[in-house]
Amino acid sequence: MYRARIISTGYYLPERVVTNKELEKLVDTTDEWITTRTGIKERHIAAAGESSSDMGIRAARWALEKAHMKPEEIDALICATATPDHSFPATSCLIQKALKFTNAFAFDVSAACSGFLYALTVAETMLLADKAKTVLVVATEKLSSVTDWTDRSTCVLFGDGAGAAILKKENGERGILSTYLKSDGTLSDLLMVPAGGSRKPASEETIKNREHYLRMDGNEVFRMAVHKMIEAVEEAIKRAGIKTEDVKFFVPHQANLRIIDAIAKRLKIKPEQMFVNLYKTGNTSAASIAIAISEAEEQGLIKSGDIIVLVSFGAGFTWGGIALRW
Ligand code: ACO
């Protein structure tokens, strides 16, 4: 059976690390509060001139090197980001320019923290429909560019970074087994950047009101994230025709350890089967699962033939699950 398989991954985290202790100097918070409420200890923050495409380029370059591939072998490039370099051109086109993907068509996908799973699903669809032979998915975010560093309820949560995956169509058992995507736009107000788009273009007033920064109803997002990520895991497993016991590893969106623990408890998954790196990355939105699977592979935690389930939840709201045999 033909499947779309991830043949290589890469990731990049900016050099600068900001600890909870440093945030204590910025806002009225404590390392203890952040650690117990979220599990996050530190996060990587991009340099002032470093953009989402710059980070995506680093992750993509590593994935290409690991696959021993030349840029011209990529024929589609999908970038998942909620923090593009510009409204247009697409961030994927900037990555294409830098890495000379001369044979590729490139476009962006916007699904916030679910962006990587949405992009993987589009990649799988294009591969199985023979619209592309090799697809590069890059998920990259500079959340620090929309973070209000005076708002303690959000600024402690986020980080910057990028992950990349190269997919090919192959005949065999390995690859994507199932995908499940869902969204509910009626709840879009609960997590958004209010200004800077066409609804409310940036102006002196929007800047004064700090509306160009991310705003979130944390409690409601938390509740929905747990509920919908459980749904996404169950649906991805069902669609793959497997059982929870068949899954070696779960790679959840890295937003909050309490969200991950609640999902594990409800689905009776051993905590050690949940990949967690948020203590050092914070929430990197679309990039989070892309970074996590690449890191898990680097650490030898995922091996060829293992069944893994990726699960996400983000602004929109958007959520999804993907089961795959590595
Ligand atoms: N430091 C100290 N105190 C804080 C901080 C902080 N950084 N932030 C909020 N508080 C205070 C609040 O003001 C409140 O004080 P009060 O009781 O005097 O009013 C108190 O802590 C409790 O606030 P809650 O919001 O109820 O705290 P909660 O335990 O719910 O944790 C959090 C808040 C961490 C934001 C949680 O709701 C959460 O993780 N939500 C999910 C958000 C998320 O991950 N969003 C990312 C995008 S979507 C996604 O990726 C899933």
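Values in this text are rule-based calculations from the coordinates and carry no lab data. Worth saying up front: this structure is predicted, and the values here are computed from it rather than measured. Methodologically, a virtual Cβ is constructed for each residue, glycine included, from the backbone with ideal geometry; neighbour enumeration extends over all protein chains shown.
Taking Leu128, Leu120, Leu13 in turn, the Gaussian network model of the chain (Cα-Cα springs below 10 Å) assigns the largest fluctuation to Leu128.
The local environment of Tyr2, defined by Cβ-Cβ distances under 9 Å, has a net charge of +1 under the rule Lys, Arg +1 and Asp, Glu -1. For His212, the residues 5 or more places off, or on other chains, whose built amide H falls under 5 Å of its own are Ala195.
When the chymotrypsin sites (Phe, Trp or Tyr not before Pro) in segment 92-192 are filtered for DSSP coil states and for at most 14 other beta-carbon atoms within 10 Å of their beta-carbon, the remaining sites are Trp149.
Peptides 70-79, 210-219 ranked from most to least packed give 70-79, 210-219, packing being the mean of other C-beta atoms within 10 angstrom over each peptide's residues. Loop-located trypsin sites (Lys or Arg not before Pro) in segment 122-170 (DSSP state other than H, G, I, E, B) with a sparse environment of at most 15 neighbouring Cβ atoms within 10 Å: Lys131, Lys133. Highest mobility in the GNM of the chain, judged by mean-square fluctuation with C-alpha springs under 10 Å and restricted to Asn277, Asn256, Asn103, is found for Asn103.
Summarising the strand pairing of the chain, around 70 percent of its internal DSSP beta bridges are antiparallel. So, in Å, what gap is there between the alpha-carbon centers of segment 255-317 and segment 206-253? What the calculation gives is 10 Å, centre to centre. If r is the Cβ-Cβ distance from Lys243 to Trp33 and R0 is 41 Å, what FRET efficiency results, to the nearest 0.05? Efficiency computed from Cβ-Cβ geometry: 0.60. Taking the centroid of alpha carbons for each part, segment 104-148 and segment 7-47 are 25 Å apart. Dividing the mean sequence gap of close Cα pairs (under 8 Å, 6+ apart) by how many residues segment 218-317 holds gives a relative contact order of 40 percent. Spacing of the modelled spin labels on Asn171 and Ser153, each 7 Å from Cα toward Cβ, amounts to 5.7 nm. DSSP beta bridges confined to segment 177-325 are antiparallel in about 75 percent of cases. Taking Gly305, Gly115, Gly161 as the candidate residues, the one with maximal mean-square fluctuation in a Gaussian network model of the chain, Cα springs under 10 Å, is Gly305.
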